[in-house]
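S.K.: If you scroll down you'll find the structure; I have some questions about it.
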Amino acid sequence: MEVEQRYGDQVRIIGVPGLAGESSMREFVADTSTDGLIHVPDVDGEIWTRFGVTQQRTYVFIDDDGTWRTSGYGSLQEDVEGLIAQ
């Protein structure tokens, strides 16, 4: 994943596949070539609920101090670059 390769020394990207069975999650990871990332399955939706995630393609950015925000309207790379620039 290009974002991980470019910014992996500044941010950690963790996939949280949710609301699907394990086989669907594994298939998604294989299809998107994101097998090099850490993935934390969220089968019961607990993590999604904690961060207010209601749909796929939502990014949650958690700062060192624990503050967080969600995004999903731009590209992951644009969002990460914007956060790093701050």
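S.K.: Scan the stretch 30-39 and give yes if some residue there is in contact with a Gly (Cβ under 9 Å, 6 or more places away or on another chain), modelled with pLDDT of 85 or more and among the small types (Gly, Ala, Ser), otherwise no.
M.R.: no
S.K.: Follow-up question, since we're still on this one. Tell me which residues, restricted to the stretch 1-22, are hydrophobic (A, V, I, L, M, F, W, C), under 22 Å from residue 44 (Cβ atoms), within 9 Å of the chain's Cα centre (by Cα) and part of a loop (DSSP other than H, G, I, E, B). Don't jump to the end; show me each part of the working.
M.R.: Of the residues in the stretch 1-22, the ones hydrophobic (A, V, I, L, M, F, W, C) are 1, 3, 11, 13-14, 16, 19-20.
Okay, now just the ones that are also under 22 Å from residue 44 (Cβ atoms), so 14, 16, 19-20.
Then keep just the ones that are within 9 Å of the chain's Cα centre (by Cα); that gives 14, 16.
Of everything in the stretch 1-22, just one residue is hydrophobic (A, V, I, L, M, F, W, C), under 22 Å from residue 44 (Cβ atoms), within 9 Å of the chain's Cα centre (by Cα) and part of a loop (DSSP other than H, G, I, E, B), namely 16.
S.K.: Within the stretch 35-70, how many residues are of a type in the set (Lys, Arg) and part of a loop (DSSP other than H, G, I, E, B)?
M.R.: Going through the stretch 35-70, the residues of a type in the set (Lys, Arg) turn out to be 50, 57, 69.
The next check asks that each one be part of a loop (DSSP other than H, G, I, E, B); those that pass are 57.
Of the residues in the stretch 35-70, 1 are of a type in the set (Lys, Arg) and part of a loop (DSSP other than H, G, I, E, B).
S.K.: A further question follows. Considering only the stretch 1-23, state which residues are of a type in the set (D, E, K, R) and either surrounded by 13 or more Cβ atoms within 10 Å (Cβ to Cβ) or in contact with a Leu (Cβ under 6 Å, 6 or more places away or on another chain) (or both). Give the derivation first.
M.R.: First, the residues of the stretch 1-23 that are of a type in the set (D, E, K, R): 2, 4, 6, 9, 12, 22.
If the condition is that a residue be of a type in the set (D, E, K, R) and either surrounded by 13 or more Cβ atoms within 10 Å (Cβ to Cβ) or in contact with a Leu (Cβ under 6 Å, 6 or more places away or on another chain) (or both), then 4, 6 are the ones that fit.
S.K.: Looking at the stretch 15-38, which of its residues are β-branched (Val, Ile, Thr) and touching a His at 6+ places or on another chain (Cβ under 7 Å)?
M.R.: Going through the stretch 15-38, the residues β-branched (Val, Ile, Thr) turn out to be 16, 29, 32, 34, 38.
Result: 29, single match.
S.K.: Moving on. Can you tell me which of (1) surrounded by fewer than 11 Cβ atoms within 10 Å (Cβ to Cβ); (2) at pLDDT 90 or above; (3) closer than 20 Å to residue 18 by Cα is the one residue 65 doesn't meet?
M.R.: Every condition holds for residue 65 apart from (3).
S.K.: Further question: Just to be sure I understand the filter: pairs with C-beta atoms under 7 Å, separated by 6 or more residues or on different chains, first member in the stretch 60-77 and in contact (Cβ under 8 Å) with a residue 24 or more places away in the chain, second member charged (D, E, K, R). Which pairs pass?
M.R.: 77/2
S.K.: On to the next question. Can you name the residue in the stretch 4-24 that is of a type in the set (A, V, I, L, M, F, W, C) and modelled with pLDDT of 85 or more and is also nearest to residue 86 (Cα to Cα) among such residues? Please lay out each step first, then the result.
M.R.: Going residue by residue through the stretch 4-24, those that are of a type in the set (A, V, I, L, M, F, W, C) are 11, 13-14, 16, 19-20.
Pick out the ones that are also modelled with pLDDT of 85 or more and you get 11, 13-14, 16.
Numbers: 11: 13, 13: 18, 14: 21, 16: 25 Å.
Selected residue: 11.
S.K.: If a residue must be in contact with a strand residue (DSSP E or B) (Cβ under 6 Å, 6 or more places away or on another chain), within 23 Å of residue 83 (Cβ to Cβ) and not hydrophobic (A, V, I, L, M, F, W, C), how many such residues does the stretch 35-51 contain?
M.R.: Residues flagged as in contact with a strand residue (DSSP E or B) (Cβ under 6 Å, 6 or more places away or on another chain), within 23 Å of residue 83 (Cβ to Cβ) and not hydrophobic (A, V, I, L, M, F, W, C) within the stretch 35-51 amount to 2.
The values are calculated or read from the model by the stated rules, or taken from the named source; none is laboratory data. Since the structure is predicted, the reported quantities are computational estimates derived from the model, not experimental observations. Positions of Cβ are backbone-derived with ideal geometry, glycine not excepted, and every protein chain shown enters the neighbour counts.
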